[in-house]
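Below: the structure, in structure tokens.
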Amino acid sequence: QVQFVESGGGSVQPGGSLRLSCAASGSAFSTYNMGWYRQVPGKQREFVASIRSGGSTFYLTSVEGRFTISRDNAKNTVYLQMNSLKPEDAAVYYCNKIPVIGQYWGQGTQVTVSS
């Protein structure tokens, strides 16, 4: 059983930055393709960014150039650096494997962007 614990959310003004972290349990993290996802009330959870075990990355078009996904396999952690945040980035952010394993969803971390 794998567990993901997200952290690093908070409240920022438009244009601000946050760095999210996702800590994973287990010893096979380095083999996982990992993703960040987000959800706002009343909407489906959406893909934000991914990083493969080999390090290649992919982004939702609306965050490309502003967000950067990275990983530290020694720490079993995947990160999401979010810069130039916009009000439409506000959501609960989650991490999970790719493809998603439903039972692995964590509590997420709330990101609020408002002036």
Inset, instruction - Express the carbon and sulfur contribution to the solvent-accessible surface of the chain as a percent, rounded to the nearest whole number, probe 1.4 angstrom. - result: 47
Inset, instruction - Just subtract the alpha-carbon distance of Thr112 and Ala23 from 0.36 nm times their residue separation and send over the number in nm, one decimal. - result: 29.9 nm
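Please give me, ordered by residue number, the chymotrypsin sites (Phe, Trp or Tyr not before Pro) of the stretch 58-108 that lie in loop per DSSP and have at most 11 other Cβ atoms within 10 Å. Provide the component values of the computation, followed by the final result.
Details: sites: Phe58, Tyr59, Phe67, Tyr79, Tyr93, Tyr94, Tyr104, Trp105; in loops: Trp105.
Passing sites in the stretch 58-108 do not exist.
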Inset, instruction - Could you work out the local net charge near Leu80, counting Lys and Arg as +1, Asp and Glu as -1, over the other residues with Cβ closer than 10 Å to its Cβ? - result: +1
Inset, instruction - Would you tally the net charge around Asn33, using a Cβ to Cβ cut-off of less than 13 Å, leaving Asn33 out, and scoring K and R as +1, D and E as -1? - result: +3
Inset, instruction - Might you report the magnitude of the Cβ-based charge dipole of the chain about its Cα centre, with Lys and Arg at +1 and Asp and Glu at -1, to the nearest 20 debye? - result: 100
Inset, instruction - For the stretch 31-115, calculate the relative contact order in percent as a whole number, restricting contacts to Cα pairs under 8 Å that are 6 or more residues apart. - result: 29
Inset, instruction - Set the Förster distance to 22 Å, then compute FRET efficiency between Thr31 and Leu60 from the Cβ-Cβ distance, nearest 0.05. - result: 0.35
Legend entry - Cβ-based charge dipole, the chain, positive-most Cα from Gln107, Pro41, Ala23: Ala23
Legend entry - Solvent accessible area, Å² - Ser115, 1.4 Å probe, full protein context: 130
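The values are calculated or read from the model by the stated rules, or taken from the named source; none is laboratory data. Predicted model only: the values in this text are computed from it and were never measured. Glycine gets a Cβ as well: all are built from the backbone with ideal geometry, and neighbour counts include every protein chain shown. In case anyone asks, the SASA skips ligands and DNA or RNA and just uses the protein heavy atoms, side chains included. Shrake-Rupley method; radii C 1.70, N 1.55, O 1.52, S 1.80 Å.
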